[in-house]
Amino acid sequence: MERASAKSLNRAVAAVLAAGAAGTAAVMGARALRAGADRVEPGAPAGEQSVIPPGDQFGTPAGERSAVPPGGRGPTASPGETGAEHATRAAARLAELIRFRTVFSPRRDEIELEEFTGFIAALERLYPAAHAALEREFVNGHALLYKWPGAGPGAAARAVVLMAHYDVVPVDARDNWTHPGFSGHRDAGYVWGRGALDDKGAVVVILEAVESLVGEGWEPRQDIYLSFGNNEETAGDSAVAAAALLAGRGVRPWMVLDEGGAVAENAFPGLRRPAAVIGVAEKGILDLELVARSAGGHASTPPRMGATARLARAIMALETHPFPQSMPGPVVEMLRRIGVHSGFGLRLVTSNMWAFKGLLTRVFDLLGDETRAMTRTTVAVTELEGSRGANVLAATARANANIRIAVGEDVAGAVERVRRTIDDPSIELRVHGAHEPSPVSPFNNEQFALLSRCVGVSHPGAVVTPYVQTGATDARHFTALCPAVYRFSPLLMDAGDRASIHGVNEKVRVSALGAGVVFYRELMQAL
(Lines give C-alpha, C1' and ligand atoms only; values in the text may rest on other atoms or scores of the structure.)
Protein backbone atom coordinates (compact mmCIF):
# COMPACT_ATOMS: atom_id res chain seq x y z
CA MET A 1 0.00 0.00 0.00
CA GLU A 2 1.23 3.48 -0.79
CA ARG A 3 2.00 5.94 1.98
CA ALA A 4 -0.24 8.96 1.49
CA SER A 5 1.28 12.42 1.62
CA ALA A 6 0.94 14.45 4.79
CA LYS A 7 -0.93 17.07 2.76
CA SER A 8 -3.62 14.54 1.73
CA LEU A 9 -4.03 13.41 5.32
CA ASN A 10 -4.22 16.95 6.65
CA ARG A 11 -6.87 17.83 4.08
CA ALA A 12 -8.89 14.78 5.04
CA VAL A 13 -8.71 15.54 8.74
CA ALA A 14 -9.57 19.20 8.16
CA ALA A 15 -12.60 18.18 6.13
CA VAL A 16 -13.96 15.85 8.76
CA LEU A 17 -13.36 18.33 11.55
CA ALA A 18 -15.33 20.93 9.65
CA ALA A 19 -18.18 18.48 9.20
CA GLY A 20 -19.09 18.21 12.90
CA ALA A 21 -21.09 20.66 14.97
CA ALA A 22 -19.56 21.85 18.23
CA GLY A 23 -21.49 19.55 20.55
CA THR A 24 -21.01 16.49 18.36
CA ALA A 25 -17.31 17.31 17.95
CA ALA A 26 -16.86 17.21 21.73
CA VAL A 27 -18.31 13.69 21.86
CA MET A 28 -16.15 12.63 18.94
CA GLY A 29 -13.04 14.03 20.58
CA ALA A 30 -13.78 12.16 23.79
CA ARG A 31 -14.10 8.92 21.87
CA ALA A 32 -10.82 9.55 20.10
CA LEU A 33 -9.06 10.23 23.41
CA ARG A 34 -10.56 7.09 24.92
CA ALA A 35 -9.47 5.02 21.90
CA GLY A 36 -5.90 6.26 22.32
CA ALA A 37 -5.90 5.62 26.07
CA ASP A 38 -7.18 2.07 25.65
CA ARG A 39 -4.69 0.96 23.04
CA VAL A 40 -2.07 -1.63 23.92
CA GLU A 41 1.53 -0.53 23.48
CA PRO A 42 4.50 -2.72 22.50
CA GLY A 43 5.53 -5.02 25.29
CA ALA A 44 1.99 -6.23 25.94
CA PRO A 45 1.28 -9.92 25.34
CA ALA A 46 1.93 -10.75 21.72
CA GLY A 47 -1.66 -11.44 20.77
CA GLU A 48 -2.85 -8.11 22.16
CA GLN A 49 -1.00 -5.75 19.86
CA SER A 50 -4.22 -4.42 18.36
CA VAL A 51 -6.73 -4.40 21.20
CA ILE A 52 -9.77 -2.26 20.45
CA PRO A 53 -11.68 -0.50 23.23
CA PRO A 54 -15.19 -1.82 23.90
CA GLY A 55 -18.21 -0.09 22.50
CA ASP A 56 -20.38 -0.15 19.41
CA GLN A 57 -19.53 3.18 17.82
CA PHE A 58 -18.55 1.36 14.62
CA GLY A 59 -21.60 -0.86 14.49
CA THR A 60 -19.63 -3.82 15.84
CA PRO A 61 -20.79 -5.40 19.10
CA ALA A 62 -18.26 -5.24 21.92
CA GLY A 63 -18.24 -9.03 22.12
CA GLU A 64 -16.94 -9.25 18.58
CA ARG A 65 -13.53 -7.67 19.24
CA SER A 66 -10.90 -10.17 18.19
CA ALA A 67 -10.56 -12.30 21.30
CA VAL A 68 -7.06 -13.46 22.18
CA PRO A 69 -6.54 -17.02 23.37
CA PRO A 70 -4.67 -17.35 26.66
CA GLY A 71 -1.03 -18.21 26.79
CA GLY A 72 0.34 -15.60 24.38
CA ARG A 73 4.06 -14.98 24.75
CA GLY A 74 5.54 -11.53 24.89
CA PRO A 75 7.94 -10.36 22.20
CA THR A 76 11.56 -11.24 22.86
CA ALA A 77 13.30 -9.49 19.98
CA SER A 78 12.94 -6.56 17.65
CA PRO A 79 11.51 -7.25 14.17
CA GLY A 80 14.98 -7.04 12.63
CA GLU A 81 16.34 -9.71 14.97
CA THR A 82 13.43 -12.13 15.06
CA GLY A 83 14.30 -15.39 13.33
CA ALA A 84 17.93 -14.50 12.66
CA GLU A 85 18.87 -18.14 13.25
CA HIS A 86 16.68 -19.16 10.28
CA ALA A 87 17.29 -16.28 7.89
CA THR A 88 20.59 -17.18 6.20
CA ARG A 89 19.63 -20.79 5.56
CA ALA A 90 16.22 -19.79 4.17
CA ALA A 91 17.83 -17.19 1.91
CA ALA A 92 20.30 -19.69 0.46
CA ARG A 93 17.56 -22.20 -0.31
CA LEU A 94 15.27 -19.58 -1.80
CA ALA A 95 18.08 -18.28 -4.02
CA GLU A 96 18.50 -21.77 -5.48
CA LEU A 97 14.76 -22.25 -6.02
CA ILE A 98 14.35 -18.91 -7.79
CA ARG A 99 16.68 -20.15 -10.53
CA PHE A 100 14.01 -22.57 -11.75
CA ARG A 101 11.95 -20.78 -14.41
CA THR A 102 8.59 -22.12 -13.27
CA VAL A 103 6.45 -20.01 -15.60
CA PHE A 104 3.16 -21.75 -16.32
CA SER A 105 1.16 -21.16 -19.49
CA PRO A 106 -2.29 -22.24 -20.70
CA ARG A 107 -0.43 -23.44 -23.81
CA ARG A 108 1.26 -26.70 -22.86
CA ASP A 109 3.90 -26.35 -25.56
CA GLU A 110 5.11 -23.12 -23.91
CA ILE A 111 5.76 -24.73 -20.50
CA GLU A 112 9.31 -25.78 -19.65
CA LEU A 113 8.35 -28.93 -17.75
CA GLU A 114 11.94 -29.65 -16.76
CA GLU A 115 11.91 -26.45 -14.72
CA PHE A 116 8.92 -27.69 -12.72
CA THR A 117 10.30 -31.17 -12.21
CA GLY A 118 13.68 -29.69 -11.29
CA PHE A 119 12.05 -27.43 -8.71
CA ILE A 120 10.22 -30.37 -7.13
CA ALA A 121 13.42 -32.45 -7.01
CA ALA A 122 15.23 -29.51 -5.40
CA LEU A 123 12.57 -29.24 -2.69
CA GLU A 124 13.10 -32.88 -1.80
CA ARG A 125 16.86 -32.42 -1.67
CA LEU A 126 16.77 -29.16 0.30
CA TYR A 127 14.18 -30.34 2.84
CA PRO A 128 14.94 -34.02 3.48
CA ALA A 129 13.50 -34.17 7.01
CA ALA A 130 10.20 -32.66 5.90
CA HIS A 131 9.92 -35.07 3.00
CA ALA A 132 10.66 -38.01 5.29
CA ALA A 133 8.01 -37.03 7.84
CA LEU A 134 5.21 -35.80 5.56
CA GLU A 135 3.16 -37.68 3.00
CA ARG A 136 3.42 -36.14 -0.48
CA GLU A 137 1.28 -36.56 -3.56
CA PHE A 138 1.00 -34.83 -6.91
CA VAL A 139 -2.19 -33.05 -7.86
CA ASN A 140 -3.14 -32.14 -11.41
CA GLY A 141 0.34 -32.88 -12.70
CA HIS A 142 2.84 -30.74 -10.81
CA ALA A 143 0.95 -29.24 -7.89
CA LEU A 144 2.03 -30.61 -4.51
CA LEU A 145 -0.09 -31.69 -1.56
CA TYR A 146 1.64 -32.72 1.67
CA LYS A 147 0.02 -34.15 4.78
CA TRP A 148 1.62 -34.02 8.20
CA PRO A 149 -0.60 -36.35 10.24
CA GLY A 150 -1.56 -35.07 13.66
CA ALA A 151 -0.74 -37.16 16.71
CA GLY A 152 -3.53 -35.86 18.92
CA PRO A 153 -7.11 -37.09 19.34
CA GLY A 154 -9.46 -35.73 16.72
CA ALA A 155 -6.53 -34.61 14.57
CA ALA A 156 -8.66 -34.50 11.42
CA ALA A 157 -11.40 -32.39 13.01
CA ARG A 158 -9.16 -29.33 13.27
CA ALA A 159 -7.06 -29.78 10.15
CA VAL A 160 -5.25 -26.75 8.78
CA VAL A 161 -4.25 -26.07 5.16
CA LEU A 162 -1.21 -23.83 4.56
CA MET A 163 -1.01 -22.70 0.95
CA ALA A 164 1.46 -21.09 -1.41
CA HIS A 165 2.33 -21.39 -5.10
CA TYR A 166 5.66 -21.85 -6.82
CA ASP A 167 4.78 -20.79 -10.36
CA VAL A 168 5.80 -17.25 -11.28
CA VAL A 169 5.04 -14.62 -13.89
CA PRO A 170 7.53 -14.19 -16.74
CA VAL A 171 10.52 -11.86 -16.79
CA ASP A 172 10.75 -9.53 -19.77
CA ALA A 173 14.34 -9.58 -21.05
CA ARG A 174 13.94 -5.93 -22.12
CA ASP A 175 13.43 -4.79 -18.51
CA ASN A 176 16.40 -3.34 -16.68
CA TRP A 177 16.85 -5.66 -13.69
CA THR A 178 19.71 -4.90 -11.30
CA HIS A 179 20.31 -8.65 -11.19
CA PRO A 180 18.81 -11.03 -13.77
CA GLY A 181 15.27 -12.07 -12.91
CA PHE A 182 16.06 -15.76 -12.51
CA SER A 183 19.56 -15.38 -11.06
CA GLY A 184 18.58 -15.84 -7.42
CA HIS A 185 21.26 -13.29 -6.60
CA ARG A 186 21.89 -13.02 -2.89
CA ASP A 187 23.64 -10.26 -0.99
CA ALA A 188 23.74 -9.27 2.65
CA GLY A 189 20.29 -7.71 2.62
CA TYR A 190 18.16 -9.31 -0.08
CA VAL A 191 17.43 -12.31 -2.24
CA TRP A 192 16.66 -11.08 -5.75
CA GLY A 193 14.57 -12.63 -8.46
CA ARG A 194 11.14 -13.55 -9.74
CA GLY A 195 9.14 -15.30 -7.05
CA ALA A 196 11.11 -13.94 -4.11
CA LEU A 197 7.90 -12.41 -2.77
CA ASP A 198 5.29 -13.98 -5.05
CA ASP A 199 5.32 -16.71 -3.95
CA LYS A 200 8.39 -18.92 -3.61
CA GLY A 201 9.37 -16.96 -0.51
CA ALA A 202 6.23 -18.28 1.19
CA VAL A 203 6.96 -21.85 0.07
CA VAL A 204 10.41 -21.56 1.63
CA VAL A 205 9.39 -20.13 5.00
CA ILE A 206 6.68 -22.78 5.37
CA LEU A 207 9.08 -25.63 4.58
CA GLU A 208 11.85 -24.10 6.71
CA ALA A 209 9.44 -24.13 9.66
CA VAL A 210 8.50 -27.76 9.02
CA GLU A 211 12.11 -28.84 8.50
CA SER A 212 13.25 -27.25 11.76
CA LEU A 213 10.35 -28.66 13.77
CA VAL A 214 10.86 -32.17 12.40
CA GLY A 215 14.54 -31.86 13.28
CA GLU A 216 13.56 -31.05 16.87
CA GLY A 217 11.37 -34.14 17.07
CA TRP A 218 8.16 -32.12 17.25
CA GLU A 219 4.89 -33.58 15.96
CA PRO A 220 1.62 -31.72 15.31
CA ARG A 221 -1.48 -32.49 17.34
CA GLN A 222 -3.78 -31.96 14.36
CA ASP A 223 -3.42 -32.68 10.67
CA ILE A 224 -1.48 -30.07 8.73
CA TYR A 225 -1.73 -29.93 4.94
CA LEU A 226 0.64 -28.01 2.69
CA SER A 227 -0.85 -27.18 -0.70
CA PHE A 228 1.63 -25.73 -3.19
CA GLY A 229 0.12 -24.71 -6.52
CA ASN A 230 1.81 -24.76 -9.92
CA ASN A 231 -0.51 -22.51 -11.97
CA GLU A 232 -1.92 -19.81 -9.70
CA GLU A 233 -0.61 -16.95 -11.83
CA THR A 234 -2.66 -18.10 -14.82
CA ALA A 235 -5.81 -18.74 -12.73
CA GLY A 236 -5.25 -22.44 -13.33
CA ASP A 237 -7.14 -25.43 -12.01
CA SER A 238 -4.64 -27.06 -9.65
CA ALA A 239 -6.09 -25.43 -6.54
CA VAL A 240 -9.56 -26.47 -7.69
CA ALA A 241 -8.29 -30.04 -7.97
CA ALA A 242 -6.61 -29.92 -4.55
CA ALA A 243 -9.78 -28.61 -2.89
CA ALA A 244 -11.87 -31.28 -4.63
CA LEU A 245 -9.43 -33.98 -3.53
CA LEU A 246 -9.66 -32.94 0.12
CA ALA A 247 -13.44 -32.60 -0.08
CA GLY A 248 -13.71 -36.10 -1.53
CA ARG A 249 -11.79 -37.42 1.46
CA GLY A 250 -14.10 -35.65 3.88
CA VAL A 251 -11.54 -33.08 4.97
CA ARG A 252 -13.20 -29.92 6.31
CA PRO A 253 -10.34 -27.65 7.39
CA TRP A 254 -10.57 -25.63 10.59
CA MET A 255 -8.53 -22.92 8.90
CA VAL A 256 -6.95 -22.19 5.51
CA LEU A 257 -4.07 -19.72 5.11
CA ASP A 258 -2.76 -18.60 1.73
CA GLU A 259 -0.77 -15.67 0.32
CA GLY A 260 -2.30 -12.21 0.32
CA GLY A 261 -1.60 -9.47 2.83
CA ALA A 262 1.81 -8.82 4.33
CA VAL A 263 3.54 -6.99 7.15
CA ALA A 264 3.53 -3.60 5.48
CA GLU A 265 5.82 -0.73 6.44
CA ASN A 266 4.77 2.88 5.87
CA ALA A 267 1.46 1.76 4.45
CA PHE A 268 -0.92 4.13 6.22
CA PRO A 269 -0.66 7.84 6.99
CA GLY A 270 -0.12 8.53 10.67
CA LEU A 271 0.86 4.93 11.49
CA ARG A 272 4.52 4.48 12.35
CA ARG A 273 4.33 0.78 13.12
CA PRO A 274 4.17 -1.93 10.49
CA ALA A 275 0.66 -3.14 9.70
CA ALA A 276 0.06 -6.88 9.42
CA VAL A 277 -2.89 -6.88 7.03
CA ILE A 278 -4.69 -10.22 6.90
CA GLY A 279 -7.09 -10.70 4.02
CA VAL A 280 -10.47 -11.93 5.25
CA ALA A 281 -12.01 -11.75 1.78
CA GLU A 282 -10.92 -11.23 -1.77
CA LYS A 283 -12.48 -9.41 -4.66
CA GLY A 284 -14.01 -11.31 -7.52
CA ILE A 285 -12.36 -11.43 -10.90
CA LEU A 286 -13.83 -11.06 -14.37
CA ASP A 287 -12.11 -10.99 -17.75
CA LEU A 288 -14.52 -9.25 -20.10
CA GLU A 289 -13.68 -8.90 -23.78
CA LEU A 290 -14.98 -5.85 -25.65
CA VAL A 291 -15.29 -6.37 -29.40
CA ALA A 292 -16.00 -3.72 -32.06
CA ARG A 293 -16.47 -4.50 -35.75
CA SER A 294 -16.44 -2.49 -38.98
CA ALA A 295 -15.89 -3.07 -42.68
CA GLY A 296 -12.11 -2.71 -42.64
CA GLY A 297 -10.32 -1.62 -45.79
CA HIS A 298 -7.43 0.65 -46.73
CA ALA A 299 -6.12 3.08 -44.12
CA SER A 300 -5.99 5.89 -46.68
CA THR A 301 -9.81 6.21 -46.58
CA PRO A 302 -10.76 5.78 -42.92
CA PRO A 303 -14.45 5.92 -41.96
CA ARG A 304 -15.80 8.00 -39.13
CA MET A 305 -15.96 6.03 -35.88
CA GLY A 306 -14.54 2.78 -37.17
CA ALA A 307 -13.97 -0.25 -34.98
CA THR A 308 -10.86 1.10 -33.23
CA ALA A 309 -12.43 4.49 -32.56
CA ARG A 310 -15.59 2.98 -31.07
CA LEU A 311 -13.52 0.64 -28.94
CA ALA A 312 -11.40 3.57 -27.74
CA ARG A 313 -14.55 5.51 -26.88
CA ALA A 314 -15.82 2.56 -24.85
CA ILE A 315 -12.52 2.27 -22.99
CA MET A 316 -12.49 5.96 -22.13
CA ALA A 317 -16.08 5.73 -20.88
CA LEU A 318 -14.98 3.05 -18.41
CA GLU A 319 -11.99 5.15 -17.41
CA THR A 320 -13.95 8.34 -16.78
CA HIS A 321 -16.98 6.69 -15.15
CA PRO A 322 -15.61 4.26 -12.56
CA PHE A 323 -17.74 1.96 -10.46
CA PRO A 324 -19.21 3.59 -7.34
CA GLN A 325 -17.32 3.47 -4.06
CA SER A 326 -18.30 1.66 -0.89
CA MET A 327 -16.50 0.66 2.29
CA PRO A 328 -17.02 -2.97 3.35
CA GLY A 329 -16.90 -4.02 6.99
CA PRO A 330 -13.32 -5.36 6.97
CA VAL A 331 -12.01 -2.02 5.67
CA VAL A 332 -13.95 -0.14 8.35
CA GLU A 333 -12.39 -2.40 10.98
CA MET A 334 -8.95 -1.92 9.41
CA LEU A 335 -9.25 1.85 9.68
CA ARG A 336 -10.42 1.63 13.25
CA ARG A 337 -7.48 -0.51 14.33
CA ILE A 338 -5.01 1.69 12.52
CA GLY A 339 -6.54 4.78 14.06
CA VAL A 340 -6.12 3.41 17.58
CA HIS A 341 -2.35 3.42 17.03
CA SER A 342 -2.18 6.74 15.14
CA GLY A 343 -2.16 10.41 16.06
CA PHE A 344 -5.16 12.23 17.44
CA GLY A 345 -6.28 13.64 14.07
CA LEU A 346 -6.66 10.28 12.36
CA ARG A 347 -7.96 8.70 15.56
CA LEU A 348 -10.70 11.33 15.72
CA VAL A 349 -11.92 10.20 12.31
CA THR A 350 -11.59 6.44 12.74
CA SER A 351 -13.15 6.35 16.20
CA ASN A 352 -16.25 8.07 14.80
CA MET A 353 -16.83 6.15 11.61
CA TRP A 354 -20.59 6.40 12.12
CA ALA A 355 -20.22 10.07 11.15
CA PHE A 356 -17.31 10.03 8.72
CA LYS A 357 -17.52 6.73 6.84
CA GLY A 358 -18.94 8.31 3.68
CA LEU A 359 -16.46 11.16 3.60
CA LEU A 360 -13.49 8.90 4.36
CA THR A 361 -14.59 6.58 1.57
CA ARG A 362 -14.26 9.49 -0.85
CA VAL A 363 -10.90 10.47 0.66
CA PHE A 364 -9.59 7.01 -0.24
CA ASP A 365 -9.51 8.16 -3.86
CA LEU A 366 -6.83 10.69 -2.88
CA LEU A 367 -4.59 8.34 -0.94
CA GLY A 368 -3.37 6.11 -3.77
CA ASP A 369 -4.16 3.24 -6.10
CA GLU A 370 -4.13 0.56 -3.42
CA THR A 371 -6.57 2.32 -1.10
CA ARG A 372 -8.74 3.26 -4.06
CA ALA A 373 -8.95 -0.38 -5.10
CA MET A 374 -10.22 -1.38 -1.65
CA THR A 375 -13.38 0.68 -2.03
CA ARG A 376 -14.70 -0.10 -5.50
CA THR A 377 -14.86 -2.53 -8.37
CA THR A 378 -11.92 -1.68 -10.63
CA VAL A 379 -11.51 -1.99 -14.40
CA ALA A 380 -8.10 -2.32 -16.06
CA VAL A 381 -7.79 -2.70 -19.83
CA THR A 382 -4.90 -5.12 -20.15
CA GLU A 383 -4.92 -6.25 -23.78
CA LEU A 384 -5.64 -4.43 -27.04
CA GLU A 385 -5.81 -5.81 -30.57
CA GLY A 386 -6.57 -4.11 -33.86
CA SER A 387 -5.28 -4.48 -37.37
CA ARG A 388 -2.16 -6.51 -38.10
CA GLY A 389 -1.03 -4.12 -40.82
CA ALA A 390 0.16 -0.53 -40.51
CA ASN A 391 -1.95 0.55 -43.50
CA VAL A 392 -4.94 -1.74 -42.94
CA LEU A 393 -8.14 -0.72 -41.16
CA ALA A 394 -9.19 -3.05 -38.38
CA ALA A 395 -12.29 -5.02 -39.27
CA THR A 396 -12.33 -6.23 -35.66
CA ALA A 397 -10.89 -4.45 -32.62
CA ARG A 398 -10.70 -6.16 -29.24
CA ALA A 399 -9.84 -5.19 -25.68
CA ASN A 400 -9.74 -7.26 -22.52
CA ALA A 401 -11.01 -5.58 -19.39
CA ASN A 402 -9.70 -7.21 -16.22
CA ILE A 403 -12.34 -6.39 -13.61
CA ARG A 404 -11.87 -6.91 -9.88
CA ILE A 405 -15.32 -7.08 -8.33
CA ALA A 406 -15.83 -5.53 -4.90
CA VAL A 407 -17.13 -7.56 -1.97
CA GLY A 408 -20.90 -7.23 -1.96
CA GLU A 409 -21.23 -7.05 -5.76
CA ASP A 410 -21.37 -9.83 -8.35
CA VAL A 411 -20.31 -10.79 -11.86
CA ALA A 412 -23.70 -10.25 -13.50
CA GLY A 413 -24.00 -6.78 -12.02
CA ALA A 414 -20.51 -5.87 -13.18
CA VAL A 415 -21.22 -6.92 -16.77
CA GLU A 416 -24.47 -4.96 -16.79
CA ARG A 417 -22.79 -1.83 -15.43
CA VAL A 418 -20.10 -2.03 -18.12
CA ARG A 419 -22.84 -2.33 -20.72
CA ARG A 420 -24.62 0.75 -19.39
CA THR A 421 -21.40 2.75 -19.05
CA ILE A 422 -20.16 2.25 -22.60
CA ASP A 423 -23.72 2.78 -23.92
CA ASP A 424 -22.96 1.34 -27.35
CA PRO A 425 -25.02 -1.69 -28.43
CA SER A 426 -22.60 -2.35 -31.29
CA ILE A 427 -19.86 -3.29 -28.78
CA GLU A 428 -20.01 -7.01 -28.01
CA LEU A 429 -19.25 -8.14 -24.45
CA ARG A 430 -17.84 -11.62 -23.95
CA VAL A 431 -17.09 -13.17 -20.57
CA HIS A 432 -13.79 -15.08 -20.70
CA GLY A 433 -13.57 -16.21 -17.11
CA ALA A 434 -15.19 -15.06 -13.91
CA HIS A 435 -15.22 -15.76 -10.21
CA GLU A 436 -17.51 -14.15 -7.67
CA PRO A 437 -16.07 -12.27 -4.67
CA SER A 438 -15.31 -14.58 -1.78
CA PRO A 439 -17.33 -14.75 1.41
CA VAL A 440 -15.96 -12.68 4.29
CA SER A 441 -14.21 -14.81 6.89
CA PRO A 442 -14.73 -13.78 10.52
CA PHE A 443 -12.15 -11.63 12.28
CA ASN A 444 -13.64 -12.10 15.75
CA ASN A 445 -12.97 -15.83 16.02
CA GLU A 446 -10.32 -18.17 17.42
CA GLN A 447 -8.56 -18.54 14.08
CA PHE A 448 -7.99 -14.82 13.53
CA ALA A 449 -6.92 -14.38 17.13
CA LEU A 450 -4.38 -17.17 16.65
CA LEU A 451 -2.94 -15.48 13.56
CA SER A 452 -2.75 -12.21 15.50
CA ARG A 453 -0.86 -13.86 18.32
CA CYS A 454 1.63 -15.45 15.91
CA VAL A 455 2.26 -12.06 14.28
CA GLY A 456 2.95 -10.69 17.76
CA VAL A 457 5.75 -13.21 18.12
CA SER A 458 7.26 -12.93 14.63
CA HIS A 459 6.76 -9.16 14.21
CA PRO A 460 6.54 -7.56 17.67
CA GLY A 461 4.67 -4.28 17.68
CA ALA A 462 2.93 -4.74 14.31
CA VAL A 463 -0.72 -3.70 14.21
CA VAL A 464 -2.81 -6.67 13.11
CA THR A 465 -5.87 -5.87 11.07
CA PRO A 466 -8.29 -7.49 8.61
CA TYR A 467 -8.56 -6.15 5.09
CA VAL A 468 -9.97 -7.03 1.68
CA GLN A 469 -7.52 -8.69 -0.70
CA THR A 470 -7.66 -6.88 -4.03
CA GLY A 471 -5.89 -9.61 -6.02
CA ALA A 472 -7.05 -13.16 -6.64
CA THR A 473 -5.53 -16.13 -4.79
CA ASP A 474 -5.90 -19.89 -4.89
CA ALA A 475 -7.59 -19.65 -1.49
CA ARG A 476 -10.88 -18.68 -3.12
CA HIS A 477 -11.32 -22.31 -4.20
CA PHE A 478 -11.31 -23.46 -0.56
CA THR A 479 -14.11 -21.24 0.74
CA ALA A 480 -16.70 -23.97 0.11
CA LEU A 481 -14.70 -26.28 2.41
CA CYS A 482 -13.93 -23.87 5.22
CA PRO A 483 -15.53 -20.69 6.59
CA ALA A 484 -12.20 -19.45 7.99
CA VAL A 485 -10.02 -18.71 4.94
CA TYR A 486 -7.30 -16.07 5.35
CA ARG A 487 -4.74 -14.50 3.06
CA PHE A 488 -1.46 -13.40 4.61
CA SER A 489 2.26 -13.77 3.92
CA PRO A 490 4.32 -13.07 7.06
CA LEU A 491 6.99 -11.14 5.16
CA LEU A 492 7.97 -7.56 5.99
CA MET A 493 7.68 -5.29 2.93
CA ASP A 494 7.96 -1.57 2.32
CA ALA A 495 6.35 0.24 -0.61
CA GLY A 496 9.29 -0.53 -2.90
CA ASP A 497 9.18 -4.22 -2.06
CA ARG A 498 5.46 -4.39 -2.76
CA ALA A 499 5.85 -2.52 -6.03
CA SER A 500 8.36 -5.13 -7.24
CA ILE A 501 5.78 -7.92 -7.18
CA HIS A 502 5.15 -8.77 -10.86
CA GLY A 503 7.52 -5.90 -11.62
CA VAL A 504 11.22 -5.24 -12.07
CA ASN A 505 13.73 -6.10 -9.32
CA GLU A 506 11.47 -8.33 -7.24
CA LYS A 507 13.32 -9.09 -4.04
CA VAL A 508 12.79 -10.12 -0.41
CA ARG A 509 14.74 -9.12 2.66
CA VAL A 510 16.83 -11.88 4.20
CA SER A 511 15.65 -10.79 7.65
CA ALA A 512 12.03 -10.99 6.50
CA LEU A 513 12.50 -14.66 5.66
CA GLY A 514 13.74 -15.40 9.17
CA ALA A 515 10.75 -13.71 10.76
CA GLY A 516 8.45 -15.58 8.37
CA VAL A 517 9.86 -18.90 9.58
CA VAL A 518 9.18 -17.83 13.16
CA PHE A 519 5.56 -17.07 12.26
CA TYR A 520 4.92 -20.51 10.80
CA ARG A 521 6.75 -22.29 13.60
CA GLU A 522 4.61 -20.45 16.13
CA LEU A 523 1.45 -21.19 14.18
CA MET A 524 2.09 -24.91 13.87
CA GLN A 525 3.05 -25.29 17.51
CA ALA A 526 0.01 -23.33 18.68
CA LEU A 527 -2.56 -25.34 16.74
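Ordered by solvent-accessible area of protein heavy atoms (1.4 Å probe), largest first, the residues 443, 228, 138 come out as 138, 443, 228. Ligands, DNA and RNA aside, residue 81 has an accessible area near 110 Å² when probed at 1.4 Å.
Within the set of other residues whose C-beta is less than 12 Å from the C-beta of residue 306, count the net charge using Lys and Arg as +1 and Asp and Glu as -1. Local charge sum for residue 306: +4.
Computed from the alpha carbon positions, the gyration tensor of region 305-461 leads to an equivalent ellipsoid with semi-axes of 40, 18, 15 Å, biggest first.
According to the square roots a ≥ b ≥ c of the eigenvalues of the Cα gyration tensor, what is the shape class of region 443-527, taking rounded for a/c under 1.5, prolate for a/b larger than b/c otherwise, and oblate for the remainder? Taking the square roots of the gyration eigenvalues as a ≥ b ≥ c, region 443-527 is oblate.
As a test, work out the antiparallel percent of DSSP beta bridges whose residues both lie in region 143-246, rounded to the nearest 5.
50
Around residue 156, what is the net charge, scoring Lys/Arg as +1 and Asp/Glu as -1 over all other residues with Cβ under 14 Å from its Cβ? After counting each charged neighbour, the total is +3. Quick check: the distance between the Cα centres of region 79-114 and region 404-463, to the nearest angstrom? Using only Cα atoms to place each centre, the spacing works out to 28 Å.
The values are calculated or read from the model by the stated rules, or taken from the named source; none is laboratory data. Since this is a predicted model, take the numbers as computed values, not measurements. Neighbour counts run over all protein chains shown; Cβ positions are idealised from the backbone, glycine included. All accessible areas refer to the heavy atoms of the entire protein, side chains included, with ligands and DNA or RNA removed. Shrake-Rupley method; radii C 1.70, N 1.55, O 1.52, S 1.80 Å.
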